Amino acid sequence: MDKKQLQEKLHKQIPLTKLMQLKIEDIDEKKLISTAPLCININDKGTGFAGSLLTLATISAWSVVFLVCEKLGFKPPIIAIVKNESTFSNPVTNDLNCINYFPTQEEMEILKDKLLNKKSGSIKIKSQIIENDKVCLEFEGVYVVKL
């Protein structure tokens, strides 16, 4: 699935992503980059709304898991976040820019084995919202995949 198809899927199946104007900017073998404009994801202080930052990271990391499952040949999986840890360290004063890292090949193989043997598995995805080379949000989510 390419970035346009993924973005359309998100906008159709998760209406909040369309309201936030979430955009899939790029996908390569190591990362998925997503963005959203500050102007509609803003708080009363004129900075990025924490709820929008966390939503962008959560849904974008979910997208990484979806793409991993697709790459491994598992369609359509049920994917749900079961745990996350987030650290807000700097305010966001420009459009939101979220970098989501694909798991290692070893982590993907472990997930594949679990899905083949147990029809269920989990995987951790790390994301960051970065502005001017400063990390504003550090996110790690644990996602469960069921076939």
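The numbers here are math on the coordinates, done by the rules we state, and not lab data. For clarity, every value in this text was computed on a predicted model and none was experimentally measured. Neighbour counts run over all protein chains shown; Cβ positions are idealised from the backbone, glycine included.
So the values come out like this:
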| read-out | value |
| --- | --- |
| Additional length obtainable on full extension of the chain from Lys18 to Lys146, 0.36 nm per residue less Cα span | 43.5 nm |
| Charge dipole of the chain about the Cα centre (unit charges at C-beta), most positive-ward option of Gly48, Phe74, Leu10 | Phe74 |
| MRE, 222 nm, helices only [DSSP H, n ≥ 4, -39500 (n - 2.57), over the chain, to nearest 500] | -11500 deg cm²/dmol |
| Trypsin sites (Lys or Arg not before Pro), loop per DSSP, at most 15 other Cβ atoms within 10 Å - longest free stretch of the chain | 46-118 |
| Extended-chain gain in nm, criterion 0.36 nm per residue less alpha-carbon gap, Ile81 and Lys118 | 11.5 nm |
| For Ser86, Ser52, Ser127, order by how many other beta-carbon atoms lie within 10 Å, fewest first | Ser86, Ser52, Ser127 |
| Cross-link pairs beyond the 21 Å C-alpha cut-off, checked among Lys31/Lys134; Lys83/Lys146; Lys3/Lys119; Lys23/Lys45 | Lys3/Lys119; Lys23/Lys45 |
| Rounded D (µm²/s) - the stretch 3-146, Kirkwood Rh over Cα pairs, Stokes-Einstein at 37 °C, 0.692 mPa s | 213 |
| Calculated FRET efficiency for the pair Lys31/Thr93, C-beta based, R₀ 22 Å, to 0.05 | 0.45 |
